[in-house]
1. In contact with a strand residue (DSSP E or B) (Cβ under 8 Å, 6 or more places away or on another chain), more than 30 Å from residue 681 (Cα to Cα) and touching a residue at least 60 places away in the same chain (Cβ under 8 Å), is that true of residue 245?
2. Counting just the residues of the range 284-314 that are more than 29 Å from the chain's Cα centre (by Cα) and modelled with pLDDT under 95, which one comes out nearest to residue 337 (Cα to Cα)?
3. So which of 281, 327, 257, 271 is in contact with a helix residue (DSSP H, G or I) (Cβ under 9 Å, 6 or more places away or on another chain) and more than 30 Å from residue 586 (Cα to Cα)?
4. If the requirement is being within 24 Å of the chain's Cα centre (by Cα) and at pLDDT 95 or above, which of these qualifies: 180, 157, 205?
5. Kindly establish whether residue 506 is out of contact with any helix residue (DSSP H, G or I) (no Cβ under 6 Å at 6 or more places or on another chain), at pLDDT below 95 and either under 29 Å from residue 347 (Cβ atoms) or not in a loop (DSSP other than H, G, I, E, B) (or both).
6. Report whether or not residue 475 is surrounded by fewer than 21 Cβ atoms within 10 Å (Cβ to Cβ), in the same structural domain as residue 519 (by TED's automatic domain parsing) and touching a strand residue (DSSP E or B) at 6+ places or on another chain (Cβ under 8 Å).
7. Using the structure shown, decide if residue 260 is surrounded by fewer than 21 Cβ atoms within 10 Å (Cβ to Cβ) and within 17 Å of the chain's Cα centre (by Cα).
8. What strands (runs of 3 or more DSSP E) lie completely within the range 154-244 and have 2 or more residues being touching a helix residue (DSSP H, G or I) at 6+ places or on another chain (Cβ under 8 Å)?
């Protein structure tokens, strides 16, 4: 035991107790010490030499129960060192970290107060700050545990914590003997021509960690594939594995979708590292295993809804991305068909042209229930021709121009988003051509001009417009002579566009279909870069009509596109259909190398053609608007006001963690911001 000042030589009375505080001043356990447990009691009749730690008539001081003040500690030791915890389907064990403090005199003891435990990766589980008890969450990975004193002495100790997660799933009819048989069987040949062929996910695909579970699909290639075959799907990361076992009974489609909770844990384990996927089959006593397929989940969040058009249904549908739920949100738009459409960047307004009784532009409030017959509209105006539109940054104006399929001689026009009526520009023209797209920051409109070149018009606010510039001449780039359907990155610095044969998406033409692929160019022009990795999985010319989502997360922008590439296998997948895929685009492109990653199929789509996707934040109601439940509100809170009417109010609970919906930055926990997609996430770097 040591002291902050030179030791004293106290004398003891004949009777009673002498209480020595750690500062060597006399104290009373009930009066002088802030924490009575931090006093040392020395019995009557003895003498005490704190320098030599000897006493007369008393047990050794090291045997006297006490809790030492943290200020007397010079080093900390954390135990256990580098522990591992294993999580299974039936066990999520806990682990207790302890800390010993070494005093200035060399003695040490366990510290139970005055210290605080922290874990740098809270996804791995809960670490009690006071007790050091760690309880695993089910997510695998490696974290750093740190303990520190809280008295200002700045003493710390650290160790690593490894959590491994091993999960297993059994389909109907699978028993222990089957699992043992396929696990222990010697392979007839690894990745031979008779091994299963993995169809999806694609090799190298990159997806956000919160995306809906992918449908793992494969095609059997061994002879005599039948209903008694046993399959094992194996997903592996450094600290997490999933094994799923199935019998290929009648109706088996050679696919498996992991459960949402199971996939969430796995997708967050070792996030960013490759996932290694194999499929093994045991058939007629012989085992075959696929080649390894690698893909990744990254530390990014996406949410919201994708609105697309189904030509066969002549209707719009909404796909809620996180739940992969397809919603018939507008069954009765007010006419026979609703086609060309756009959605405001905040997800609150939809503009679409109704057809049947004539061409009518209809505007809808997406935060309302639109399932009535007919659906309620904000406004409806008759126009002479169907046009393509795009909302400005705050959703108050639409720019309207020709669609690729029905050219006219009319220039772009401005439309008031509240009334649907055309308004005159205060200065200049928004442009002339096809498929205008307003930038997220409202400063420019990109489009294809009448010569099929990619062009940009400056938008200066107040319905004023500057000069139009061609930023890419279509004929200067290989693989086509038509630029079409530009889309802006969320930071308004780059434009992706379709480049190919026509202003269409794969429509059959004499001599074959429309060729198209994706390119990207700076907003001020320059040499475009082909997004080749985003086109992996097709023939290189079957990727069309890009549209950026509002998300800037995990170091990537997230780009929607339409493609006719095959998806999955012949039973569970889709063939010959135009479907929506998503590709990650590096948010800091260098302008010379391909910034795209291999794409992934957007789960939840119907097996029909899906065109013209728009990805927006989930439609929600702002503070003060009427509501039924908290799910209606951007803040997640719906309460009665002074008049008894239920309205959206600011959050009443704790701050919102990363990935949850928000209305403003103050809704989110410290260090997070409410981004343009209305979810709490790390602020985007400049």
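1. Details: in contact with a strand residue (DSSP E or B) (Cβ under 8 Å, 6 or more places away or on another chain): yes; more than 30 Å from residue 681 (Cα to Cα): yes; touching a residue at least 60 places away in the same chain (Cβ under 8 Å): yes.
Yes; evaluated as a whole, the condition is true for this residue.
2. My answer is 314.
3. Within the list 281, 327, 257, 271, the selection yields 281.
4. Working: 180 fails: within 24 Å of the chain's Cα centre (by Cα); 157 fails: within 24 Å of the chain's Cα centre (by Cα).
Just one listed residue meets the conditions, 205.
5. Values: out of contact with any helix residue (DSSP H, G or I) (no Cβ under 6 Å at 6 or more places or on another chain): yes; at pLDDT below 95: yes; either under 29 Å from residue 347 (Cβ atoms) or not in a loop (DSSP other than H, G, I, E, B) (or both): yes.
Yes.
6. Values: surrounded by fewer than 21 Cβ atoms within 10 Å (Cβ to Cβ): yes; in the same structural domain as residue 519 (by TED's automatic domain parsing): yes; touching a strand residue (DSSP E or B) at 6+ places or on another chain (Cβ under 8 Å): no.
The answer is no for residue 475.
7. Values: surrounded by fewer than 21 Cβ atoms within 10 Å (Cβ to Cβ): yes; within 17 Å of the chain's Cα centre (by Cα): yes.
Yes, satisfied.
8. Numbers: elements: 156-170, 187-190, 197-200, 206-208, 216-219, 230-237.
Because the criterion is at least 2 residues that are touching a helix residue (DSSP H, G or I) at 6+ places or on another chain (Cβ under 8 Å), the strands (runs of 3 or more DSSP E) in the range 154-244 that meet it are 156-170, 230-237.
The values are calculated or read from the model by the stated rules, or taken from the named source; none is laboratory data. Just so it is clear, the structure is predicted and the values come from calculations on it, not from any experiment. Glycine gets a Cβ as well: all are built from the backbone with ideal geometry, and neighbour counts include every protein chain shown.
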